[in-house]
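Working notes, beginning with the structure itself.
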Amino acid sequence: MSRRTIRLDVERLVEKVGSTDPLEILKYLNVVVQFDDLGKSILGYALNYKEVIVIVLNDQLSELELYTTACHELGHVVCEHSLNTEFLKRSNLTYVRQGNEYEANVFMVELLTYGVNAAEFPSKDCLLYSCGIPKWAERYVDWNYIRPNADLKSFDSIY
C-alpha cells in the first residue's frame, strides 16, 4: 500500500469520525479494544478471532505509548493486514522499509501529523514532540509532504 493511499485512508477516517483519536476511530470501525497486562516488553497486538477484529493494548503503557500503539495497531486494521502477526514490542521499534510493519508505522505517523501546520513550530523537533512522534518513528515523517503544505505566513516558520 502506498503512502499516498495510507494518507487518503487517514483523511477519510478523520473526516468520517471527526477525530484523530485512534480509540474513537477503532470504536467507529467496530474493533474490539481490550486492555491487559502484557508485561514490560509487549505494547500491543491485533488479531482476528471468528471474524471479530480485536486489538489488545498493554494496560501498563504511558498515555503517549498507549496513543501511539493504538495508532500503529489501527494501521494494521485499516491496511487490511493479516491480523494474527507479531506483537508490537519495545525491542522491535525500529525503522523498516517495507511490509506490514512499515505500513502500520506510516499510518501511525500520518494520523499523528494529520492537519499539522509545520510553520507553527520553531523547529522540526518541536513539531515531532507536539505531535507525539516517538524518536524511533521520526524517519517515517514525510517532510516532502509537510513542508509544501505549511502555511508560510505563520510566525516563526522553520522554513
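Quick notes on this one:
- Selection within the range 25-40: residues that are open to solvent by 20 Å² or more (accessible area, probe 1.4 Å) and assigned to a helix (DSSP H, G or I). The member of this set that is nearest to residue 73 (Cα to Cα) is 27.
- Top-ranked residue in the range 107-134 [being open to solvent by 30 Å² or more (accessible area, probe 1.4 Å) and in contact (Cβ under 8 Å) with a residue 60 or more places away in the chain; ranked as farthest from residue 21 (Cα to Cα)]: 115
- Number of the exception - residue 43 against (1) outside any strand (DSSP E or B); (2) under 27 Å from residue 115 (Cα atoms); (3) within 17 Å of the chain's Cα centre (by Cα): (1)
- Residues in the range 52-81 that are of a type in the set (Asp, Glu) and crowded, with 21+ Cβ neighbours inside 10 Å: 73 only.
- Of the residues making up the range 1-24, those that are in contact (Cβ under 8 Å) with a residue 12 or more places away in the chain, over 20 Å from residue 98 (Cβ atoms) and assigned to a helix (DSSP H, G or I) are 11, 13, 14, 16, 22, 23.
- Pairing residues of the range 34-48 that are in contact (Cβ under 8 Å) with a residue 24 or more places away in the chain and on the phi < 0 side of the Ramachandran plot with residues that are among the aromatic types (Phe, Trp, Tyr) and open to solvent by 30 Å² or more (accessible area, probe 1.4 Å), at Cβ distances under 6 Å and at least 6 apart in sequence or on separate chains, gives 42/87; 45/87.
- Checking 104, 150, 137 one by one, the residue that is crowded, with 18+ Cβ neighbours inside 10 Å and part of a loop (DSSP other than H, G, I, E, B) is 150 and no other.
The values are calculated or read from the model by the stated rules, or taken from the named source; none is laboratory data. Computed from a predicted structure; not experimentally measured. Heads up, the Cβs are rebuilt from the backbone with ideal geometry, glycines too, and the neighbour counts pull from every protein chain shown. Heads up: the accessible areas ignore ligands, DNA and RNA and are worked out on the full protein's heavy atoms, side chains in. Shrake-Rupley method; radii C 1.70, N 1.55, O 1.52, S 1.80 Å.
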